[in-house]
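Worksheet for the structure shown next.
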């Protein structure tokens, strides 16, 4: 729910409560004013009748407004006002009247005086007040809606623009977060805080990346010493037991070194500045890499078939392109069955790498590109992360389609 | 042959020095740019192994000094920084090859041999080993004058074995040499066994001797006799 809708909702609720209270107040006030006014009028009428009777004792009656009669009562009664209902022949229903009744002695005669005034029925008054209030309410809602719409378009515009910029902002690119300036205090403060925060986060992020890269570099040298020295010791005749121990130490160090090298490559891809790149035909690189991987393809007796419908050209560093292709291909070999197949379809804007699967297990597309997700323990599980990272820095996309028996990696411009 | 090793990590420097001395080369060492300049001013080297990260600066700066002071030389850059930029810079400046740490000594040896052949210092593109003759230009192999046909990977393997004869070559070293090491994958090393089997068969058919021995599940060694 938008902030403006939320505040509108609160405002409307408040409005409903306020308007209901005010209807009650208006109703009772109106009611009492009308009553007071009526009573005053009735008293005036009574006074006028008394004056009239003094001069002219002729009795006038206009029912139900006015009834003057001589009476047998012999005591004056002060005027008394009350509500009565009187049947109206025209409207054919009981109508409410305010009635003044008194007995007056005029010229030694006693008269009973009844003056009435038709009043508005309570329900009619209520209806009048209610409909007025409702009209006001409706007008307010419409006005509010129109004003808020305009406001949210105008006042909130910099806010929404900034939200979109934040969504697109990435620490990976060396870009600074540029926010739209606003003279609204709240937005200004938000912008300030965001700018401070992103600058700090950017710095931390870069420091972390550099640390990773430096740490990996520092690790390579001692690993080189370990590997080279074990290699030299292996040159001399050893007992069977020592050979086994030395070789497993060598393998572990080699594995560590491979892992570190891949991490270094990932860090480098993340940190690398944009360099001038060549326009390369990926098809040629694929041919070369297939040739260099042929020992692995042959030993699994995998048949490989490449079809070209066009040339897939890309501005990319040659070495990066080779790493991309070798990783996709070696992944297709690794997760292939013996006597399986690899099919490549190269078009102008996409390359499909399809291979038969080693098992029918479906691969989770979300997880597959995560670091250290791996099918078997012999690889370091970074190949697909490297593929994905290269795709990101080279403005390519990679996606997966799969069935029970085959999986396709689709590389697209 | 004279080799200059410019490397600040003494443990690596010593291992390389001992290896090349065992191959009857004359080895000079330098642990920083300053020592390297001294050595370059008074000696002529055929091969210079150059580490990029030196305590007193970037090793790449030495390339211009090498060019000024040396006549026939090959420069092989050794770097822990597997940085594409460094590699391209190094090769642009005039280095001949680039090897990323950690590397196998056998791989270094093989690269230096290739470098020497490319530079053609002694007009030698044929490597002879007992009855085996390997022509590296035409990629041809003769066993006692019989030409045997090898696939390019088999040729690469045989050359690697012969150049690193009398040395235990781990399966890892052979795999890295044949495949390069960009691969996050070696399922198993069966492919090495397959290639070795095919190579042996072809040499055997030409009545060549089998010099190759398996070493305790570690790898292979090519014996001279």
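The values are calculated or read from the model by the stated rules, or taken from the named source; none is laboratory data. On a predicted model such as this, the values are computed, not experimentally measured, just so you know. Positions of Cβ are generated from backbone atoms using ideal geometry, with glycine treated the same way; all protein chains shown enter the neighbour counts.
So, in segment B:18-38, exactly how many residues are surrounded by fewer than 18 Cβ atoms within 10 Å (Cβ to Cβ) and out of contact with any helix residue (DSSP H, G or I) (no Cβ under 8 Å at 6 or more places or on another chain)?
9
Go through the residues of segment B:104-127 one by one and say whether even a single one is in the same structural domain as residue B:23 (by TED's automatic domain parsing), within 15 Å of the chain's Cα centre (by Cα), outside any helix (DSSP H, G or I) and surrounded by 19 or more Cβ atoms within 10 Å (Cβ to Cβ).
Yes, there is a match, as at least one residue in segment B:104-127 is in the same structural domain as residue B:23 (by TED's automatic domain parsing), within 15 Å of the chain's Cα centre (by Cα), outside any helix (DSSP H, G or I) and surrounded by 19 or more Cβ atoms within 10 Å (Cβ to Cβ).
Looking at (1) part of a helix (DSSP H, G or I); (2) touching a residue at least 24 places away in the same chain (Cβ under 8 Å), which one does residue B:91 not meet, given that it meets all the others?
All conditions pass for residue B:91, except number (2).
Taking residue A:227, is it in contact with a helix residue (DSSP H, G or I) (Cβ under 7 Å, 6 or more places away or on another chain), free of Cβ contacts under 8 Å to residues at least 24 places away in the same chain and within 8 Å of chain B (Cβ to nearest Cβ)?
no
Here is a check on your reading of the model: is residue A:208 more than 14 Å from chain B (Cβ to nearest Cβ) and free of Cβ contacts under 8 Å to residues at least 12 places away in the same chain?
Answer is yes for this residue.
Considering only segment B:143-160, I want to know if a residue exists there that is touching a strand residue (DSSP E or B) at 6+ places or on another chain (Cβ under 9 Å), modelled with pLDDT of 90 or more and closer than 23 Å to residue A:229 by Cβ.
yes
Inside segment B:59-88, can you point out the residues that are at pLDDT below 85 and outside any loop (DSSP other than H, G, I, E, B)?
Passing the criteria: B:79, B:84, B:85, B:86, B:87, B:88.
Working carefully through the options B:208, B:219, find the one that is surrounded by 15 or more Cβ atoms within 10 Å (Cβ to Cβ) and more than 9 Å from every other protein chain (Cβ to nearest Cβ). Full working, then the answer.
Details: B:219 fails: more than 9 Å from every other protein chain (Cβ to nearest Cβ).
Exactly one of B:208, B:219 is surrounded by 15 or more Cβ atoms within 10 Å (Cβ to Cβ) and more than 9 Å from every other protein chain (Cβ to nearest Cβ), namely B:208.
Suppose we keep only residues that are in contact with a strand residue (DSSP E or B) (Cβ under 7 Å, 6 or more places away or on another chain) and not in a helix (DSSP H, G or I) within segment A:381-401. Which one would you say is modelled with the lowest pLDDT?
Looking at the filtered set, the residue picked out is A:394.
Among the strands (runs of 3 or more DSSP E) contained in segment A:240-334, which hold 1 or more residues that are within 44 Å of the chain's Cα centre (by Cα) and surrounded by 14 or more Cβ atoms within 10 Å (Cβ to Cβ)? Steps first, answer last, please.
Details: elements: A:278-281, A:303-308, A:313-316.
Of the strands (runs of 3 or more DSSP E) lying wholly inside segment A:240-334, those with at least 1 residues that are within 44 Å of the chain's Cα centre (by Cα) and surrounded by 14 or more Cβ atoms within 10 Å (Cβ to Cβ) span A:278-281, A:313-316.
Test residue A:107 against the stated conditions and say whether it is in contact with a helix residue (DSSP H, G or I) (Cβ under 7 Å, 6 or more places away or on another chain) and exposed (fewer than 12 other Cβ atoms within 10 Å of the Cβ).
Judged against the criteria, residue A:107 is a match.
Yes/no matrix, rows are residues, columns are (1) within 14 Å of chain A (Cβ to nearest Cβ); (2) part of a loop (DSSP other than H, G, I, E, B); (3) within 17 Å of the chain's Cα centre (by Cα):
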position	(1), (2), (3)
B:16	yes, no, yes
B:20	yes, no, yes
B:24	no, yes, yes
B:36	no, no, no
B:41	no, no, no
B:48	no, no, yes
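For segment A:237-258, give me each residue that is more than 9 Å from chain B (Cβ to nearest Cβ) and in contact (Cβ under 8 Å) with a residue 40 or more places away in the chain.
The first filter runs over segment A:237-258 and keeps only residues more than 9 Å from chain B (Cβ to nearest Cβ), leaving A:237, A:239, A:241-242, A:245, A:248-249, A:252, A:255-256.
Listed by number, the list holds a single entry, A:255.
All but one of (1) surrounded by fewer than 19 Cβ atoms within 10 Å (Cβ to Cβ); (2) under 39 Å from the mean Cα position of the chain (by Cα) hold for residue A:338; state the number of the condition that does not hold.
(2)
Checking the structure you have, find out if any residue of segment B:153-164 is buried (at least 18 other Cβ atoms within 10 Å of the Cβ), assigned to a loop (DSSP other than H, G, I, E, B) and not assigned by TED's automatic domain parsing to the domain that holds residue B:25.
Checked segment B:153-164: at least one residue is buried (at least 18 other Cβ atoms within 10 Å of the Cβ), assigned to a loop (DSSP other than H, G, I, E, B) and not assigned by TED's automatic domain parsing to the domain that holds residue B:25.
I'd like to check something: does segment A:284-297 contain any residue that is more than 27 Å from residue A:322 (Cα to Cα) and more than 7 Å from chain B (Cβ to nearest Cβ)? Reasoning before the result, please.
From segment A:284-297, those more than 27 Å from residue A:322 (Cα to Cα) are none; that's our starting set.
No, segment A:284-297 contains no residue that is more than 27 Å from residue A:322 (Cα to Cα) and more than 7 Å from chain B (Cβ to nearest Cβ).
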